[in-house]
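Visitor: Okay, handing you the structure first.
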Amino acid sequence: MQTEIKRDYYLEQLIKRKNNSLIKVVTGIRRCGKSYLLRTIFKKHLIESGVEKDHIIEMAFDLYDNIEYRDPRIFYPWAKEQLKDDKQYYFLLDEVQLLDEFVSVLNGLADKKNCDVYVTGSNAKFLSKDIATEFGGRSDEIHMYPLSFFEFMSVYGGNHYDGWNEYITYGGIPLVVLAETDDQKITLLDSLLKETYLRDIVKKNKIRNVGEMETLLDILSSAIGSLTNPNKLQKTFKSVNQSKITATTITKYIEYLEDAFLIEEARRYDIKGKSYIGTPMKYYFMDIGLRNARINFRQLEVTHSMENVIYNELRMRGYSVDVGNLQIFENGKDGKQVKRQLEVDFICNKGSKKYYIQSAYLLPTEEKMQQEIRPFTKINDFFKKIVITSNTPRPFYNDDGILFMSVYDFLLNPDSLAGI
């Protein structure tokens with residue numbers, strides 16, 4: 001397996017934002033590759049595009065040698081001293097949350113006409129979904145995910161069938177992907193989950209009952225792709241370990257997990273009523289390997305794992321993603337009308353683009369196929385409808401204009417939703 005992982009999508013995002021007078025803030029779950037993106041990939045781009053090395057100012061605040069620079073009274077004068085002329089300077093600042101008063105310092109740098117500022121941050125103090133608001137409109141956020149399957153395959157040595165099996169087992173955290181053995185991957189995932197992600201969440205939010213938080217994570221890990229809500233989770237707590245935890249506390253814990261980018265909520269959308277439904281909702285893990293590590297690699301149902309991977313891929317491509325709910329009325333066996341609820345796995349929106357997507361690992365029979373496409377036939381609009389499976393040889397449209405494609409075609413082709 002090669003060791004250099006290309007992150008071209010994120011590099012393009014940084015290039016598009018060059019010299020836009022805003023502070024570029026790279027956010028994302030810890031260990032997803034933010035530092036490597038900024039201080040290796042983007043730095044290489046700057047040099048290759050003609051920027052002189054002494055006009056690229058780097059600082060990694062997490063290194064022992066740089067501890068003194070965490071004091072803004074030392075760092076800010078030092079940073080200004082690096083500006084020797086009127087040419088453009090690029091500041092690449094890693095783990096910037098360790099810099100005291102970093103918001104004021106960064107705003108001060110960005111205010112200078114020849115300074116272009118890029119930062120990453122990933123510990124409990126910085127790692128929050130709303131960190132960009134700290135900069136008072138002066139920031140431009142680039143959200144980064146673990147490796148997509150396309151990125152994963154760029155460094156995987158085998159075919160995409162074997163690669164898929166490894167990806168849905170161990171996920172896309174770069175450090176894990178580059179580990180050589182299964183045992184190393186398992187150990188890394190377990191250590192990252194306990195010693196990095198959970199420790200940060202507990203420390204940031206001053207959680208006293210860590211056991212409750214871990215139990216919640218266990219329950220969510222076992223229920224990816226399932227509709228749930230805090231009240232339902234409270235009943236599970238009570239039945240499993242006689243816990244007296246409240247729905248309010250569960251809601252807070254879920255918010256903590258979301259703020260750390262460990263999980264993400266997908267809301268339900270009433271397709272006919274064109275409005276959001278309060279509860280229940282679904283939760284997906286930002287890295288399927290972390291989810292599997294939490295359940296000790298026991299419940300590896302590929303159906304749910306594939307759904308989670310598809311959700312993440314859609315989010316990586318910049319779509320807002322909801323779960324579709326469709327209420328219909330049909331005649332029952334007795335001839336009376338019966339109300340039924342149908343579900344579309346994902347409704348994806350980006351600008352004027354909209355897609356309805358079903359994730360169906362296998363379609364072994366005509367009956368199963370009709371079951372999957374049934375909600376599509378009840379939707380009265382002309383947006384594209386897609387079924388993603390594991391066993392479609394090549395993309396095709398059926399007589400209803402529904403596009404069928406394999407999960408490999410979907411994941412490995414960035415323009416797959418555009419169809420054939």
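The values are calculated or read from the model by the stated rules, or taken from the named source; none is laboratory data. Everything numeric here is computed off the predicted structure, so don't read it as measured data. Note that each Cβ is placed from the backbone with ideal geometry, even for glycine, and that neighbours are counted across all protein chains shown. Calculation scope for accessible area: heavy atoms of the full protein, side chains included, ligands and nucleic acids excluded. Shrake-Rupley method; radii C 1.70, N 1.55, O 1.52, S 1.80 Å.
Visitor: Within the range 294-340, take every residue that is touching a residue at least 40 places away in the same chain (Cβ under 8 Å) and open to solvent by 40 Å² or more (accessible area, probe 1.4 Å) and give me the one that is farthest from ILE386 (Cα to Cα).
Guide: PHE297
Visitor: Residues that are farther than 25 Å from GLY136 by Cβ, in contact (Cβ under 8 Å) with a residue 60 or more places away in the chain and not basic (Lys, Arg), at least 1 per element: which helices (runs of 4 or more DSSP H) completely within the range 1-111 meet that?
Guide: 8-16
Visitor: Please determine whether any residue of the range 329-342 is over 30 Å from ASP190 (Cβ atoms), in a strand (DSSP E or B) and touching a Gly at 6+ places or on another chain (Cβ under 6 Å).
Guide: Checked against the condition, which is being over 30 Å from ASP190 (Cβ atoms), in a strand (DSSP E or B) and touching a Gly at 6+ places or on another chain (Cβ under 6 Å), the range 329-342 yields at least one hit.
Visitor: Also, quick follow-up: Could you grab me the full set of residues in the range 140-188 that are outside any helix (DSSP H, G or I), farther than 17 Å from PHE261 by Cβ and of a type in the set (Gly, Ala, Ser)?
Guide: SER154, GLY157, GLY158, ALA179
Visitor: So, in the range 88-136, of the ones that are of a type in the set (Ser, Thr, Tyr) and modelled with pLDDT of 90 or more, which residue ends up farthest from ILE56 (Cα to Cα)?
Guide: Here the answer is SER104.
Visitor: May I pose another question? Could you grab me the full set of residues in the range 346-359 that are among the polar types (S, T, N, Q), in contact (Cβ under 8 Å) with a residue 12 or more places away in the chain and surrounded by fewer than 21 Cβ atoms within 10 Å (Cβ to Cβ)?
Guide: Residue satisfying the conditions is ASN349 alone.
Visitor: Filter the range 256-279 for residues that are in a strand (DSSP E or B) and within 21 Å of the chain's Cα centre (by Cα); which is surrounded by the most Cβ atoms within 10 Å (Cβ to Cβ)?
Guide: ALA266
Visitor: Pairs only if they're at least six apart or on different chains, beta carbon under 6 angstrom, first in the range 215-244 and small (Gly, Ala, Ser), second buried (at least 17 other Cβ atoms within 10 Å of the Cβ); list them, first residue then second.
Guide: Hits for this filter: SER221/ARG291; SER221/ARG294; GLY225/HIS304; GLY225/GLU307; SER243/PHE237.
Visitor: Against the definition (open to solvent by 50 Å² or more (accessible area, probe 1.4 Å) and in contact (Cβ under 8 Å) with a residue 12 or more places away in the chain), how does GLU343 come out, yes or no?
Guide: yes
Visitor: Could you say which residue among ASN165, ASN209, ASN229, ASN241 is touching a helix residue (DSSP H, G or I) at 6+ places or on another chain (Cβ under 9 Å), closer than 29 Å to SER320 by Cβ and open to solvent by 20 Å² or more (accessible area, probe 1.4 Å)?
Guide: ASN229
Visitor: Sort out which residues of the range 244-255 are part of a loop (DSSP other than H, G, I, E, B) and open to solvent by 40 Å² or more (accessible area, probe 1.4 Å), and write them in order of number.
Guide: Scanning the range 244-255 gives LYS244, THR246.
Visitor: Looking only at the range 260-284, count how many residues are free of Cβ contacts under 8 Å to residues at least 12 places away in the same chain and basic (Lys, Arg).
Guide: Looking only at that region, the number is 1.
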